[in-house]
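Accompanying notes for the structure given below.
The values are calculated or read from the model by the stated rules, or taken from the named source; none is laboratory data. Bear in mind that the values here come from a model prediction, so they are computed numbers and not experimental data. Cβ sites come from the backbone with ideal geometry, for glycine too, and all protein chains shown count toward neighbours.
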Amino acid sequence: MPRVLRSRRRGMSLVEVGVATVIVTIVSLAGLAYYSNARVQEINTWHDQNGLFLAEREAESWRAPEYNGLAGWTAGDAGAGNFLPFGYAFATPDIEWNQAGKFKPVALDGYNYRVRARLLYNDPVGAAVNDFRVHTTWNNGTGDVDYYYRQVVIVVQWGDFVGTASTYDMQQETRIAR
């Protein structure tokens with residue numbers, strides 16, 4: 001009769017089960033942390049892309065009336081600390097603009113955004129009343145050349161809205177030459 005070798009051990013010990021559980025737990029937590037971080041980055045990038053799209057679309061709308069279409073704002077409307085009360089041009093306000101809150105509400109892909117605008121300047125007098133513009137002098141080698149342009153900063157906000165602030169925002173600048 002042949003001899004059958006039998007092992008004295010049957011199954012796994014409690015220590016082996018414990019070590020395997022710890023290893024599986026560590027690997028699972030690392031994978032979960034990686035996935036969670038990647039998902040948050042994906043969502044943030046998605047909102048950034050939406051914000052950029054809205055800012056570019058708004059900048060195109062601001063460029064449409066050209067340089068003279070942006071005249072007429074008051075000192076209380078223009079400047080770095082102020083948002084304009086309505087969009088595109090002083091003479092033809094955007095009907096979607098919330099004039100009291102100084103923003104345009106936009107819903108995109110189920111999320112709410114606010115679009116705002118600032119008209120920056122360093123030359124508030126100009127040729128006409130309320131002609132807020134940027135005046136820059138450039139030396140071309142034979143003399144100084146003065147040039148003027150409108151500098152509009154488009155601000156797109158999303159997240160929690162508190163007054164004129166929000167959790168997240170994106171700014172894009174456009175310049176309209178004279």
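Table for the structure above
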quantity	calculated
Neighbours by Cβ (under 6 Å, 6+ apart or cross-chain): first from segment 76-95, among the hydrophobic types (A, V, I, L, M, F, W, C); second crowded, with 18+ Cβ neighbours inside 10 Å and assigned to a loop (DSSP other than H, G, I, E, B)	78/121; 78/132; 83/102; 84/77; 86/97; 90/73
Test: residue in segment 97-106 that is in a strand (DSSP E or B) and among the aliphatic types (A, V, I, L, M)	yes
Residue within segment 34-41 that is farther than 26 Å from residue 150 by Cβ and either in contact (Cβ under 8 Å) with a residue 60 or more places away in the chain or within 18 Å of the chain's Cα centre (by Cα) (or both) present	yes
Total residues in segment 163-174, condition in contact with a strand residue (DSSP E or B) (Cβ under 6 Å, 6 or more places away or on another chain) and either under 24 Å from residue 64 (Cβ atoms) or at pLDDT below 90 (or both)	6
Test: residue in segment 125-137 that is hydrophobic (A, V, I, L, M, F, W, C), touching a residue at least 12 places away in the same chain (Cβ under 8 Å) and within 20 Å of residue 164 (Cα to Cα)	no
Segment 104-123 residues that are closer than 30 Å to residue 148 by Cβ, paired with ones that are β-branched (Val, Ile, Thr) and surrounded by 17 or more Cβ atoms within 10 Å (Cβ to Cβ) (beta carbon under 6 Å, 6 or more apart)	104/115; 115/106; 115/156; 116/155; 117/152; 117/154; 118/153; 119/152
Flag if residue 30 is surrounded by 10 or more Cβ atoms within 10 Å (Cβ to Cβ) and touching a strand residue (DSSP E or B) at 6+ places or on another chain (Cβ under 7 Å)	no
Wholly within segment 111-178, strands (runs of 3 or more DSSP E) carrying at least 3 residues that are loosely packed, with under 14 Cβ neighbours inside 10 Å	134-139, 144-162, 165-177
Hits in segment 67-76 (condition: in contact with a strand residue (DSSP E or B) (Cβ under 9 Å, 6 or more places away or on another chain), surrounded by fewer than 19 Cβ atoms within 10 Å (Cβ to Cβ) and in a loop (DSSP other than H, G, I, E, B))	none
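For every residue, the table says whether it meets (1) over 18 Å from residue 55 (Cα atoms); (2) in contact with a strand residue (DSSP E or B) (Cβ under 6 Å, 6 or more places away or on another chain).
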| site | (1), (2) |
| --- | --- |
| 92 | yes, no |
| 131 | yes, no |
| 134 | yes, yes |
| 140 | yes, no |
| 149 | yes, yes |
| 161 | no, no |
| 176 | no, yes |
